[in-house]
1. Pop the C-beta distance of A:T129 and A:E163 into the FRET formula with R0 = 30 Å and round what comes out to the nearest 0.05.
2. If I model the stretch B:159-260 as equal point scatterers sitting on the Cα atoms and use the Debye formula, what is log10 I(q)/I(0) at q = 0.12, 0.21 Å⁻¹?
3. Would you kindly derive the ³J(HN,Hα) couplings of the stretch A:128-143 from the backbone phi angles with the Karplus curve 6.51 cos²θ - 1.76 cosθ + 1.60 (θ = phi - 60°), listing them in order in whole Hz, with x for Gly and Pro?
4. Any chance you could run the full-extension gain for A:S181 through A:N223? It's 0.36 nm times the residue separation minus the Cα-Cα distance, nm to one decimal.
5. Along each of the three principal axes of the Cα atoms of the protein assembly as shown, give the extent in whole Å, ordering the values from largest to smallest.
6. Write down the Kirkwood hydrodynamic radius of chain A, to one decimal in angstroms, obtained as one divided by the mean of 1/r over all alpha carbon pairs.
7. Using only Cα atoms, what is the ratio of the radius of gyration of the stretch B:238-359 to 2.2 N^0.38 Å?
8. Describe numerically, in nm with one decimal, the distance between label points set 7 Å from Cα along Cα→Cβ at B:Q51 and at B:I242.
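Throughout, read-outs are computed from the coordinates displayed, never taken from laboratory work. Treat the numbers as computed from the prediction; the structure is a model and nothing was measured. Positions of Cβ are backbone-derived with ideal geometry, glycine not excepted, and every protein chain shown enters the neighbour counts.
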Amino acid sequence: MQTIIYEKPKTLTDTPTHFCPGCGHGIVLRLIAEIIDTWGIRSKTIGLAPVGCAVLAYNYLDIDMCEAAHGRPPAVATGIKRVHPDHVVFTYQGDGDLAAIGTAEIIHAANRGENITFIFVNNAVYGMTSGQMAPTTMLGQKTATTPSGRDVINYGNPIRICELLAVLDGSSYLERVSLSSPENIRKTKKALEKGFKTQIEKRGFSLIEILSPCPIYWRMDANESMKYIDEDMTRTFPLGVVKDWEHKN
Amino acid sequence: MKQLLTGNEAAAEAAILAGCRYYYGYPITPQNELINYMSVRMPQVGGTFIQAESEIAAISMVHGSAAAGGRSMTSSSSPGISLKQEGISYLAGSELPCVIINIQRGGPGLGDISASQADYFQAVKGGGHGDYHTIVLAPSSVQEMADLVYDAFDMSDNYRNPVMILGDAQIGQLMEPVEFYKKQKNNLPAKNWSLTGAQGRKRNIIKSFYPVKGELEEFNAHLQKKYKMIEEHEIRYEAINIHEADIILVAYGTSARICKEVVKKSQQFKFKVGMVRPITLWPFPKEIIRRISEKVQCILTVEMSAGQMVEDVRLAVESRCPVHFYGRTGGGVPTSLEVIRKIVEIVPDNKVANTLLKLAEVK
């Protein structure tokens, strides 16, 4: 007798992705699809796609989805959630979308305590537009617009979104995870589950920041990228729970 | 029962009666009565009121509620409407219904807070990026504001297109008696495209991104076909004395109220004045203006701007008769006497005989 131990989640479509080799987006989308399948929530889940590499998320997830203007998914999601307060609404955003052009929207969604799950894929670079500096680009990191590396004087410091949102009373669950190893991917799935649970139990605003590789615009191979996440990125962006409604300090 | 309300309040109440349950706003003068009214009324009817963090967020929230199938609205005034253009372009590109109210004030920049009609170009020519149109309705009284808000929701649902109500500080803030007739269309198309969760059906996707070569051109052709249909079915205007007139005034909103007074006062002159008041600014009533231009001596467009709608009048007239313009900007409001002086200046001499002497006595 055959036992299936691993298969494509039903919520993932058969469309080949447009992501570059070694990109982390495919992993995150798969994890979301696995949770939707396991929890049986496909028919009550609505996703928000941003502008940037993740815009075509709606081609890969077999659920109702809406596109938003650059940075606006938290506001558009707010409008959707007010119509369907018992549905599971999530945004899927990159670092340029959420932490630069959409800073106001994410801060105020958190401040209102919107009962929505925000999935924040941080790869420290604008991938879709050929690798420019992101708000989360690390000091010294070379990008298309910081050819000599990001320096504090000209470009400021990388923004730590989880820590920034933690000071707002409206945020309920904030965790930073990474995709650098199978173990970390399992932790990422747990964090995503916690984010969706936070929403389903109406506990309010949840955001999961996922450190994700961009080998193409980091000018590295896949292995170096994973090492870079573990050894460099996590020094600027420490992993772990930043805020949790279940374990209030 | 008639109520004495400002245009802003009438717009808000009419929206509630039209079934709007999702309102997102941001404070800006001269539309504050509207957002304030909504903050009281929406909770009373179980609706959503959010004072958003910005105009951009407010229109994006409209985007979300419209995508989810709810009747949604936002309102603002000129500088705030500029900020909303990003969202309006996305709404048009995603074919989402919604109502946007612009209570115009003076510009450019921060301008001032008094009445203006200087956002005409922005409203009727698209405003944001891309080949699109919003349907633009121009009320000239508080009652008409209420009536047009019902129609705006029905039209937006019918065509899956944003509708803008283009008022100004005077229409928004003056108080007049208004009666609310709830008259929602019954045969509106079902919103089976909306995001409700993919229950027993294929997923729905609301988007405006068409990266595959040829797809966007095809989508734009579809939009243009829709706009053509709107032009065929939705043009509205009010015509006064157009059959015997020597000169026709073209004006909308507050300017049209002034021009109505001009038509009345002109009865004491030898020349005859009529007027056309566009109610839909887009689609523009170009056919009636074209027909009129074949019979009259000249046309005078009156606006509270440096001359914007006059360009559409000229496009309709195609040089069949002279098209003149009289306007005031930056909060200046034309008086009926100013308009009459302008008429005297442009009407051919033989029609003005004896008029100049009387001008000082115009009542």
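1. About 0.65, to the nearest 0.05.
2. These q points yield log10 I(q)/I(0) values of -0.79, -1.31.
3. For the stretch A:128-143, the Karplus-derived couplings read 4, 9, 5, x, 7, 4, 9, x, 9, 4, 7, 4, x, 5, 8, 9 Hz, x marking Gly and Pro.
4. Numbers: separation 42, 0.36 × 42 = 15.12 nm, distance 1.02 nm.
Stretched fully, the A:S181-A:N223 segment lengthens by 14.1 nm.
5. Computed over the Cα atoms, the extents are 101, 55, 47 Å.
6. Details: mean 1/r = 0.0554 Å⁻¹.
By the Kirkwood definition, the hydrodynamic radius is 18.0 Å.
7. Values: Rg = 13.2 Å, N = 122, 2.2 N^0.38 = 13.7 Å.
Taking N as the residue count of the stretch B:238-359, the ratio is 0.96.
8. 4.5
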